[in-house]
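Trainee: First the structure, which I've put down as structure tokens, then a few questions once you've had a look.
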Amino acid sequence: MLGKRPWGPSLTARFGSARPDDRGVLRIGILGAAKIAPVALVKPARRTGRATVVAVAARDRTRAEEFARKHQIPRVLGSYAELVGDPDIDAVYNPLPNGLHGYWTIAALRAGKHVLCEKPFTANADEARTVAEATNANPGLVVMEAFHYQYHPFAKRLVEIVRSGELGNVTNIDVSFSAPLWKKGDIRYQLPLAGGATMDMGCYPVSLLRLLAPGPRVISAEAKLSSPGVDRAMDAHFSLPDGGRAHIGCSMFSSSVLRLHAEVTADNGKISVFNPFSPQHGHRMKVTTSLGTRKERFSRRPTYDYQLEAFVAAVEDGASFPTTAVDAIRTMELIDAIYTAAGLPLRQPTPVA
């Protein structure tokens with residue numbers, strides 16, 4: 001349970017007295033000046049009023065200062081270590097490159113901080129297990145993997161329909177997520193930072209597949225490479241526990257320029273959806289059974305708002321949530337299996353000096 005603590009003196013020195021409605025909200029610090037941070041955290045914090053971003057730290061202090069000015073973040077700290085150790089911060093948002101997720105999540109836990117960690121949770125399943133052990137060793141702290149789409153009513157309803165039995169026994173699942181992300185030097189294409197399309201785009205279809213059909217097993221996988229060991233696109237095929245089949249596709253650079261699709265086929269019908277991962281930007285759900293066809297519509301409220309509210313509820317009230325460290329192990333095991341089937345090396349944590 002959070003105490004009713006005001007902003008620290010360094011905030012009031014720059015922005016005046018703390019406002020009454022800022023007292024008692026979750027105080028979050030951001031590791032790195034990542035482009036995702038404003039969309040995933042800064043703006044949701046302001047919209048929901050459930051948290052406030054009080055500090056940022058980046059490798060390049062000038063970049064952190066520019067980020068703080070642009071997004072009205074009160075403090076810039078000198079290093080990641082300084083941020084996770086700051087007593088005026090309750091929780092840490094970790095949007096660092098994939099290979100640094102595990103190290104700094106554990107560092108934050110050891111410093112007594114709750115953590116909202118961007119997906120994918122870690123570089124590989126072994127590292128996810130290490131983070132889960134650190135989480136278990138700090139039972140009063142919350143560690144949430146930021147699969148924001150899972151907290152939106154769209155995803156919850158999709159899973160509800162499939163698991164309800166309305167469609168019958170599932171025979172095939174197809175999930176794809178492709179978007180153009182081609183920029184020279186982008187961290188997503190760097191093997192030392194645990195990059196690759198399966199890590200960046202593919203973790204979403206893997207996560208959704210697990211929700212729709214727990215226990216998929218990799219049969220085969222084929223990758224297209226941007227450089228040795230780094231996939232720019234991946235297709236993977238799975239068997240399902242009840243005898244069905246599944247496929248996921250993902251790409252950051254391929255002929256599939258933009259694809260956000262999921263389809264579940266069963267012996268009594270099917271459900272086809274567009275954009276299950278960010279339905280606030282437009283979505284479609286079509287359900288077809290022997291009784292007919294229907295379409296369902298959902299809130300355009302951002303997935304990130306739902307996620308932040310769930311994170312705060314977990315911290316303040318001990319509320320349960322789906323994207324735990326233990327759940328992340330299962331996702332990372334499947335990602336590891338995809339890389340192995342494609343003949344590619346598992347991603348490794350990035351060494352920290």
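The values are calculated or read from the model by the stated rules, or taken from the named source; none is laboratory data. Since we're looking at a predicted model, the values are computed, not measured. All Cβ positions, even for glycine, are placed from backbone atoms using ideal geometry, and neighbour counts span all protein chains on display.
Trainee: Quick one: in region 200-231, which of the residues that are more than 19 Å from the chain's Cα centre (by Cα) and among the basic types (K, R) is surrounded by the most Cβ atoms within 10 Å (Cβ to Cβ)?
Mentor: K224
Trainee: For region 176-199, give me the residue count where each residue is part of a helix (DSSP H, G or I) and surrounded by fewer than 24 Cβ atoms within 10 Å (Cβ to Cβ).
Mentor: Result for region 176-199: 6.
Trainee: While we're on this one: With more than 23 Å from T303 (Cβ to Cβ), small (G, A, S), in contact with a Leu (Cβ under 9 Å, 6 or more places away or on another chain) and touching a residue at least 40 places away in the same chain (Cβ under 8 Å) as the only criterion, which of A197, A125, A146 stands out? Break it down into steps so the answer makes sense when it comes.
Mentor: Working: A197 fails: more than 23 Å from T303 (Cβ to Cβ); A146 fails: more than 23 Å from T303 (Cβ to Cβ).
Step by step, each of A197, A125, A146 is checked, and only A125 is more than 23 Å from T303 (Cβ to Cβ), small (G, A, S), in contact with a Leu (Cβ under 9 Å, 6 or more places away or on another chain) and touching a residue at least 40 places away in the same chain (Cβ under 8 Å).
Here's the yes/no breakdown for (1) buried (at least 16 other Cβ atoms within 10 Å of the Cβ); (2) out of contact with any helix residue (DSSP H, G or I) (no Cβ under 7 Å at 6 or more places or on another chain):
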residue	(1), (2)
L260	yes, yes
G269	yes, yes
S290	no, yes
S299	no, no
T303	yes, no
Y306	yes, no
D327	yes, yes
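Trainee: Right, next: Being under 30 Å from Y189 (Cα atoms), in contact with a helix residue (DSSP H, G or I) (Cβ under 6 Å, 6 or more places away or on another chain) and small (G, A, S) narrows it down to one of A107, A68, so name that one. Give the derivation first.
Mentor: On the way: A68 fails: in contact with a helix residue (DSSP H, G or I) (Cβ under 6 Å, 6 or more places away or on another chain).
From the options A107, A68, the qualifying one is A107.
Trainee: Here is a follow-up. Determine if region 92-113 includes at least one residue that is within 11 Å of I30 (Cα to Cα), modelled with pLDDT of 95 or more and assigned to a loop (DSSP other than H, G, I, E, B). Quick ask: steps written out before the conclusion?
Mentor: The initial filter retains those residues of region 92-113 that are within 11 Å of I30 (Cα to Cα), namely 92-96.
The next check asks that each one be modelled with pLDDT of 95 or more; those that pass are 92-96.
So of that shortlist, the ones also assigned to a loop (DSSP other than H, G, I, E, B) come out as 95-96.
Yes, because at least one residue in region 92-113 is within 11 Å of I30 (Cα to Cα), modelled with pLDDT of 95 or more and assigned to a loop (DSSP other than H, G, I, E, B).
Trainee: For region 250-297, give me the residue count where each residue is outside any loop (DSSP other than H, G, I, E, B) and small (G, A, S).
Mentor: The number of residues fulfilling the criteria is 6.
Trainee: Could you list, ordered by first residue, the pairs with Cβ atoms under 6 Å in which the first is in region 298-324 and β-branched (V, I, T) and the second is modelled with pLDDT under 95, at least 6 apart or interchain?
Mentor: V312/R50
Trainee: Restricting attention to region 32-51, does a residue exist that is in a loop (DSSP other than H, G, I, E, B), on the phi > 0 side of the Ramachandran plot and in contact with a strand residue (DSSP E or B) (Cβ under 9 Å, 6 or more places away or on another chain)?
Mentor: Scanning region 32-51, I find at least one residue that is in a loop (DSSP other than H, G, I, E, B), on the phi > 0 side of the Ramachandran plot and in contact with a strand residue (DSSP E or B) (Cβ under 9 Å, 6 or more places away or on another chain), so the answer is yes.
Trainee: What number goes with the only condition from (1) touching a strand residue (DSSP E or B) at 6+ places or on another chain (Cβ under 8 Å); (2) at pLDDT below 95 that S272 does not pass?
Mentor: (2)
Trainee: P153: over 25 Å from Y339 (Cβ atoms) and more than 20 Å from the chain's Cα centre (by Cα), yes or no?
Mentor: Judged against the criteria, P153 is not a match.
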